[in-house]
Amino acid sequence: MRLVALAIAAPRAVAQAPVDSSLAAYIASVRAVDNHAHPMRAVPAGAPADTEFDALPLDALPPFNVPWRLRTENPDWLAGRRALYGISGDTGSSFRDAFNTARGRVTNAQGARFPEWVLDRVGTEVMLANRIVLGPTLAPPRFRWVPFADALMLPLDTRVVAARTPDTRSLYKKEAALLQRYLRDLGMRAIPRDLDAYVRQVVIPTLQRQRSADAVAEKFEAAYLRPLDFDDPDSTQARRIYAKYAAGGGPGVTEYKTLEDYLFRVIARECGRLGMAVHIHATDIAGGFYLSRGSAPHLL
């Protein structure tokens, strides 16, 4: 056997060309569009806290680990506070005092405009606000409303499907409460007894109300609850399942999936008719039982 040595020349180091100052200045002037955020309202001192920033807030879940970048001890958060409020100092009590003083001064000075002040400071022109309702201090054109559609897919009792994990046991309760809120907004106390009536009297009017209130899209947080494998089910089967449980009791996972898959398509088509986008949330950090493979986009 003959060995052949190959001489591979090391790449030559090339100095980076100077940055075009005019291009850098232009890039710095471009303001962002934040496509997914949960901004909180500016709440006066002593007023109730804002609880409408998410349909499925993570504090509803049992304790779970989060990535380092999202932990409060990550120094990025400290750097963010310094940059936002223009303060310096170490990480001890002197910094905490300076931070609390600066934050109090800014919030008092800005009042209801505080959320817009934050957008200006971070270079964001428009923020798509994923919220149950938009509410005061979060107004267009800087904040654009994206309400939640999952509750409309869950008209029946969810206790059977919720029992799968400790996470889903808490999250499905949040969806049931949101559906009751949507019903109250329509002056209804209970869902109709057949699926077509539910779509006609609850789903479509709710989406229309949200669109008339300037919603630009509907958000599905379904991946917290189930995989995103929305099939195209037989509508007759979906109607049968709905009618079977509309008066009480809850379907199992397979039956409920059929109904959800049907209603997902109803909601998506109505969004298209109304000129709203459909946003589908996916993450791999939410809770101790989240299945990231269930949120893979190709499942759609």
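The values are calculated or read from the model by the stated rules, or taken from the named source; none is laboratory data. Predicted model only: the values in this text are computed from it and were never measured. For neighbour counting, all protein chains shown are included, and Cβ atoms are generated from backbone atoms with ideal geometry for every residue, glycine included. Keep in mind that these areas ignore ligands, DNA and RNA; they rest on the heavy atoms of the full protein, side chains included. Shrake-Rupley method; radii C 1.70, N 1.55, O 1.52, S 1.80 Å.
Per residue, the accessible area of segment 31-158 comes to 53 Å² when a 1.4 Å probe rolls over the protein heavy atoms. The calculated FRET efficiency for Phe95 paired with Leu58, based on their beta-carbon distance and R0 = 25 Å, is about 0.40.
Expressed as a fraction of 2.2 N^0.38 Å, the value expected for a compact globular protein of N residues, the C-alpha radius of gyration of segment 245-292 is 1.53.
Scaled to the globular estimate 2.2 N^0.38 Å, the Cα spread of the chain, given as radius of gyration, is 1.27.
Under 5 Å from the amide H of Thr283 lies no amide H of any residue 5 or more positions distant or on a separate chain, with H modelled from the backbone and absent for Pro and chain starts. Scaled to the globular estimate 2.2 N^0.38 Å, the Cα spread of segment 20-77, given as radius of gyration, is 1.73. Summarising the amide proton neighbourhood of Ala217: residues at separation of 5 or more, or on other chains, whose placed amide H is nearer than 5 Å comprise Ala277. Summary of packing: across the peptides 265-275, 137-147, 70-80, the per-residue average of other C-beta atoms within 10 Å ranks them, highest first, as 137-147, 265-275, 70-80. Close amide H pairs (under 5 Å, H built 1.01 Å from N) link Arg144 with Met127, Leu128, Ala129, residues at least 5 positions away or on another chain. Subtracting the Cα-Cα distance of Arg265 and Arg121 from 0.36 nm times their residue separation leaves 47.9 nm of extension gain. Between Ser212 and Val106, residue separation times 0.36 nm minus the direct Cα-Cα distance comes to 34.8 nm.
Taking a quarter of the surface of the Cα convex hull of segment 84-202 gives a mean projected area of 11.6 nm². Across q = 0.17, 0.33 Å⁻¹, segment 177-217 modelled as identical point scatterers on its alpha-carbon atoms has Debye log10 I(q)/I(0) values of -0.44, -1.15, in the order of the q list.
Relative to a virtual label point 7 Å from the Cα of Gln237 in the Cα→beta-carbon direction, which members of segment 260-300 show backbone nitrogen distances below 14 Å? Only 260-263 pass the distance filter.
Under a cut-off of 15 Å between alpha-carbon atoms, report the aspartates and glutamates in cross-link reach of Lys174, not counting same-chain residues fewer than 8 places apart. Partners within reach: Glu52, Asp54, Asp59, Asp150, Asp157, Glu221. Computed extension gain for Arg69 through His36, at 0.36 nm per residue and net of the alpha carbon distance, reaches 10.1 nm. 3J(HN,Hα) couplings calculated from phi for segment 153-159 with the Karplus curve 6.51 cos²θ - 1.76 cosθ + 1.60 (θ = phi - 60°) are, in sequence order, 7, 10, x, 9, 4, 9, 5 Hz; Gly and Pro show x.
Taken one residue at a time, the phi angles of segment 242-247 give Karplus couplings (6.51, -1.76, 1.60, θ = phi - 60°) of 4, 4, 5, 10, 4, 8 Hz. Gly and Pro are set to x.
Working value for segment 55-127: equivalent-ellipsoid semi-axes of 24, 20, 13 Å, each the square root of 5 times a Cα gyration tensor eigenvalue, largest first. Taking only the C-alpha atoms of segment 149-300, the Rg (one decimal) and the largest Cα-Cα distance, Dmax (whole number), read 14.7, 39 Å.
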